[in-house]
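Worksheet for the structure shown next.
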Amino acid sequence: MSTQRDDRPESDKELWRRLDADGAVEVQPVDEMEFAAWIEGRLNEAEAARLEASVAADPEMRRAALDVADILGMPLPAAPQRMVVQARALVGFEAERGGARMGFWGWLVNWMAPSALRPAAVTMAAIAIAVGGFTMGGGLGASFAQQQSDVDGIQKASSRSEVSADISEFFASDGI
Amino acid sequence: MQVADLNQIDLQALARGDKRSWDAFVGAAAPLINAMVRRALAPYGLGEEDVMDAAQDVFVRLCAQDFRLLRTYDPARAGLSTWLAVVARSAAIDHARRRRRPTQPLDEVPETALGVEDRHVEKLKIPQGLLTERQTLILRYLYDEEREVADIAQLLKVDPQTVRSTQHRALVRLRAYFREGTG
């Protein structure tokens, strides 16, 4: 398709060249949906006429119409894999999209809402973390043990100072 | 996936941003978008990287602002393939215009575009309503774009003979009007 020809009667061509068709039709803006509908021949007569006026007046739209009709009528080669991979990466997973839109609290509420088990799971996890942390820190037993150890240390130190005083008195009494 | 698979895409899920639907859509639409972008960029003499960039522009347009453009697609008005081809070509042309001016081999430029002799000649205006929109369109394709009758017939979904008869009627009207007008 899209071959060009040069075998038309020169008189017809010359006549057309002497004419200015720019003002012959009223041109209105066309959106992509409407343009696609026209290419498929789905517009009614009045709509099609209005659109054909716009296409006739715009060389770019004339080329676009022929290109689209041609591409749609031919077998298409596969796209490069790189193109597909990059395009797929444009849209992330749903959780990422939802999280980005709603913020943390919105995401948390949304995540918890669908199931009654989720709040329970969160509670259990919180308890496990608290107990684990408490245990790693030694718990109440370790705390009492530490206090007891401190008391014993003071008592032992006190006892050692009494023994030391007795020895000093013994040496002193011998005149040493 | 082939282009035909585009008809199996769940458009509602796609517009909601469903990842699986998007992946399926990309797989189905990529051959069409690839072909359309290459065709649109051909006159501009751009390279493979520009083809890739322009194709990404198309996909970005489709999913940007929470799939706003994709939501404008109406299956009742046109097929998804046709609409996508139009969108892809439009995005590719925008990309090409940002990059550089189009180039075209001299022997592929329509003769009318090369002609300079008419620049200083005042053209006769065709009065509004003398030709139908379709007649004007067909004469534009035949004489301004120098396209084949078969190409025009395929685009307009009519028989080639219909194109020829429309052309003939248009020329008869023009000749009659300007013969009368110019005496």
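The values are calculated or read from the model by the stated rules, or taken from the named source; none is laboratory data. In this text, all values refer to a predicted model and were calculated from it rather than measured experimentally. Note that we place each Cβ from the backbone using ideal geometry, even for glycine, and neighbour counts take in every protein chain shown.
Some observations on this one:
- Unmet requirement for A:Gly41, which otherwise passes all of (1) buried (at least 21 other Cβ atoms within 10 Å of the Cβ); (2) facing chain B (nearest Cβ under 7 Å): (1)
- Filtered residues of segment A:27-63 (kept if farther than 17 Å from B:Gln135 by Cα and β-branched (Val, Ile, Thr)): A:Val30
- Qualifying positions in segment B:150-164 - part of a helix (DSSP H, G or I) and over 18 Å from A:Ser11 (Cβ atoms): B:Ala150, B:Asp151, B:Ile152, B:Ala153, B:Gln154, B:Leu155, B:Leu156, B:Pro160, B:Gln161, B:Thr162, B:Val163
- For A:Gly138, the requirement of being exposed (fewer than 11 other Cβ atoms within 10 Å of the Cβ), modelled with pLDDT of 60 or more and more than 14 Å from chain B (Cβ to nearest Cβ) is not met.
- A single entry from A:Ser11, A:Ser2 fulfils the requirement of being within 8 Å of chain B (Cβ to nearest Cβ), surrounded by fewer than 17 Cβ atoms within 10 Å (Cβ to Cβ) and modelled with pLDDT under 85: A:Ser2.
- Number of positions in segment B:14-32 that are in contact (Cβ under 8 Å) with a residue 40 or more places away in the chain and under 30 Å from A:Asp67 (Cβ atoms): 5
- Across segment B:21-30, the qualifying residues are those that are at the interface with chain A (Cβ under 7 Å from one of its Cβ atoms) and surrounded by fewer than 21 Cβ atoms within 10 Å (Cβ to Cβ), and the one among them that is nearest to A:Arg88 (Cα to Cα) is B:Asp23.
- Identity of the residue in segment B:151-163, within 11 Å of another protein chain (Cβ to nearest Cβ) and more than 11 Å from A:Leu66 (Cα to Cα), that ends up surrounded by the fewest Cβ atoms within 10 Å (Cβ to Cβ): B:Lys157
- Answer residue from segment A:58-84, given it is more than 8 Å from chain B (Cβ to nearest Cβ) and assigned to a helix (DSSP H, G or I) and is farthest from B:Leu84 (Cα to Cα) among those: A:Gln81
- On inspection, A:Ala46 qualifies as among the small types (Gly, Ala, Ser) and either closer than 17 Å to B:Glu145 by Cβ or more than 7 Å from every other protein chain (Cβ to nearest Cβ) (or both).
- Residue that is nearest to the other protein chains (Cβ to nearest Cβ), among those in segment B:31-48 that are in a helix (DSSP H, G or I) and within 14 Å of B:Arg100 (Cα to Cα): B:Ala40
- Filtered by the rule that a residue be within 18 Å of A:Leu51 (Cα to Cα) and either of a type outside the set (Val, Ile, Thr) or in contact (Cβ under 8 Å) with a residue 60 or more places away in the chain (or both), segment B:146-164 gives B:Ala153, B:Gln154, B:Leu155, B:Leu156, B:Lys157.
- Meets criteria (under 25 Å from the mean Cα position of the chain (by Cα), modelled with pLDDT of 95 or more, part of a helix (DSSP H, G or I) and surrounded by 15 or more Cβ atoms within 10 Å (Cβ to Cβ)) for A:Ala87: yes
- The set of residues from segment B:58-78 being surrounded by fewer than 18 Cβ atoms within 10 Å (Cβ to Cβ) and either outside any helix (DSSP H, G or I) or more than 7 Å from chain A (Cβ to nearest Cβ) (or both) comprises B:Arg61, B:Ala64, B:Gln65, B:Asp66, B:Arg68, B:Leu69, B:Arg71, B:Thr72, B:Asp74, B:Pro75, B:Ala76, B:Arg77.
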